[in-house]
Amino acid sequence: MPKSRPMRIFVILRIGTAEKGATLACALVLLTFPLGSYGHAFVQPYSLPVPFSMYSTAAGVALALSFAAIAVFARPRPDWTPHTAVTTAAVLMSEPDDIGLSQLLSTSLLLLCIASGLVGTKDSSRNINMTMFWIVLVLLVPYVVSVFGDFYRSINPWRGILRIVEFGLNRRFEGYFQYPRGLGYFPALALYIAFICIELFGSLRPFGLSIYLLAYTVIIVGGAILFGRELWLSHAEFFGVQFSLLGRIAPLRRLSRSRPDDGAVPASLSLVLVVLFMLSSTAFDGLHATRNWVLVYWTYIYGPVAGVTPPADKYAAAALFYQVWQWVTLIASPFLYLGVFAFFVWLSKMLGGARGGGSSYLMCTFARSLLPIALVYHVSHYYTLVLWQLPLVVKLLSDPFGLGWNLFGTSNWDVKPWVVDVGTIWHTQVFLIVGGHIWSVVLSHLEAIRQFGKPGAATLSQIPMLVLMVALTTFGLWILSLPLA
């Protein structure tokens with residue numbers, strides 16, 4: 001369900017030259033690093049229990065200590081070998097053609113979401129499609145996948161729809177065209193970016209969500225017909241791509257029926273961009289709602305726009321350009337992150353020696369270490385929404401269309417959402433962000449041992465990555481404390 005956002009009140013502020021420079025510098029730095037997101041329960045500034053400098057210093061010390069500990073105790077095992085790039089499609093080609101009970105259930109829920117939005121109530125709180133899609137699929141499933149591994153591939157509702165269509169047509173979608181090798185995972189990235197744009201700026205209601213799901217289903221079915229079912233699913237169905245990535249860091253993935261390539265590195269730079277957009281989109285979501293972000297636009301961009309438009313239209317033009325500016329910044333964010341990440345990987349390669357692969361290969365290998373950061377930023381940003389809305393599912397199941405039904409006798413239950421106070425939100429977010437970065441430091445160092453061989457070279461190569469992690473943690477915690485605009 002699209003998160004509730006406080007009303008944004010834009011004002012033109014007169015500030016000094018020094019403050020203008022500081023504001024612009026902060027905004028540029030924030031755009032460069034993946035930031036922790038502002039808690040949705042924060043509708044006004046929250047006074048931190050202790051000064052922010054104490055939080056940031058403690059977080060930096062925790063990362064440095066974890067780096068030192070793994071540098072001392074981590075050693076390569078005899079059976080360790082460098083990861084190789086494994087494409088998801090190569091493994092998915094062995095996917096069985098039968099439809100299991102779990103996939104039949106997930107496909108039925110997808111069809112229910114589409115139908116309830118088309119013919120059900122327009123009230124977002126009473127229509128089940130908003131909760132099932134935004135809370136269960138978009139938020140809850142990735143959290144579970146990151147613990148137990150990529151079980152989503154066996155319940156992917158779009159794979160179920162494709163199999164139903166194939167059964168109806170009495171043929172399997174093998175594809176009429178060869179999938180362009182250079183296209184990689186860019187279809188998934190494009191659909192992912194479009195999805196985040198719709199989430200942040202589309203203000204979807206139940207009917208609009210159903211139209212989106214129908215359009216997305218048409219794209220998946222059409223692409224499967226052209227390029228083959230499994231190739232298109234593995235490179236374009238961005239939910240599956242995202243959950244596959246998160247499944248690679250799941251601590252319990254060996255206990256689940258995860259793919260054998262869990263833990264393998266991203267296969268191409270296009271997949272690295274998907275990982276980076278997992279970071280940048282959450283950072284943008286938190287950043288674009290803050291006072292600092294609004295100040296940048298109305299201080300530095302509004303003036304030039306207003307100066308070239310007729311006086312009667314300058315406010316409308318400025319507001320329109322503000323939306324364009326938001327979209328362009330969001331779309332450009334993963335490519336900006338790619339440049340920053342490439343620089344630090346290059347520094348690691350220079351310090352680690354020539355044994356490791358080329359910079360592009362190392363970017364693919366070390367991208368896996370960014371996944372814990374993407375995960376904890378996602379959780380810290382949205383977990384309050386899950387706690388608030390998920391308990392209401394028991395009521396919505398009895399009346400999915402919001403038409404006054406009571407199929408299971410639960411529609412009249414007094415189910416109360418779990419409300420978390422702002423102090424608990426802040427400390428939980430701090431714990432998640434620091435813990436996620438420590439997790440990333442560990443993964444990055446283990447990967448460095450695989451790539452550079454000797455522990456000494458691996459430790460030296462990770463100094464730039466440690467600097468990056470400390471910077472990310474500090475700025476992530478800082479953005480958490482910023483007031484909304």
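The values are calculated or read from the model by the stated rules, or taken from the named source; none is laboratory data. The structure displayed is predicted, hence computed values, not measured ones. Don't worry about glycine lacking a Cβ; one is built from the backbone with ideal geometry, like all the others, and counts go over all protein chains shown. Remember, those area values only see protein heavy atoms, side chains included, never the ligands or the DNA or RNA. Shrake-Rupley method; radii C 1.70, N 1.55, O 1.52, S 1.80 Å.
Values for this structure:
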quantity: Charge dipole of the stretch 349-461 about the Cα centre (unit charges at C-beta), most positive-ward option of Leu407, Cys364, Ile425; calculated: Cys364
quantity: Sequence of Thr131, Thr329, Thr424 from largest to smallest accessible area, 1.4 Å probe; calculated: Thr424, Thr329, Thr131
quantity: Taking all pairs of distinct alpha-carbon atoms in the stretch 101-219, Kirkwood radius in angstrom; calculated: 15.9 Å
quantity: Spin-label model distance (nm) - Thr428 vs Ser53, 7 Å beyond Cα toward Cβ; calculated: 3.1 nm
quantity: Two-site label geometry, Arg171 and Leu105: point separation in nm, points 7 Å out along Cα→Cβ; calculated: 3.5 nm
quantity: Accessible area (Å², per residue) of the stretch 142-248, counting only protein heavy atoms and a probe of 1.4 Å; calculated: 38 Å²
quantity: Ranked order, Trp405, Trp413, Trp426, Trp418 - accessible area, probe 1.4 Å, largest first; calculated: Trp418, Trp413, Trp405, Trp426
quantity: For Phe148, solvent-accessible area (1.4 Å; no DNA, RNA or ligand), Å²; calculated: 100 Å²
quantity: Surface accessible to a 1.4 Å probe, per residue, for the residues of the stretch 397-485, Å²; calculated: 41 Å²
quantity: Relative packing of 338-351, 163-176, which averages over residues the other C-beta atoms within 10 Å, highest first; calculated: 338-351, 163-176
quantity: Thr57 accessible area, assembled protein chains, probe 1.4 Å, Å²; calculated: 90 Å²
quantity: Accessible area of the stretch 319-447 belonging to carbon and sulfur atoms, whole % at 1.4 Å probe; calculated: 75 percent
quantity: HN-Hα J in Hz across the stretch 363-380 - Karplus 6.51, -1.76, 1.60, θ = phi - 60°, x for Gly and Pro; calculated: 4, 5, 6, 7, 4, 4, 6, 7, 4, x, 5, 4, 5, 5, 5, 5, 5, 5
quantity: Value of relative contact order over the stretch 358-485, rounded to a whole percent, pairs C-alpha under 8 Å and six or more apart; calculated: 27 percent
quantity: Residue-normalised accessible area of the stretch 345-393, expressed per residue, 1.4 Å probe, Å²; calculated: 32 Å²
quantity: Global form of the stretch 348-485, assessed from the alpha-carbon gyration tensor, a/c cut-off 1.5; calculated: prolate
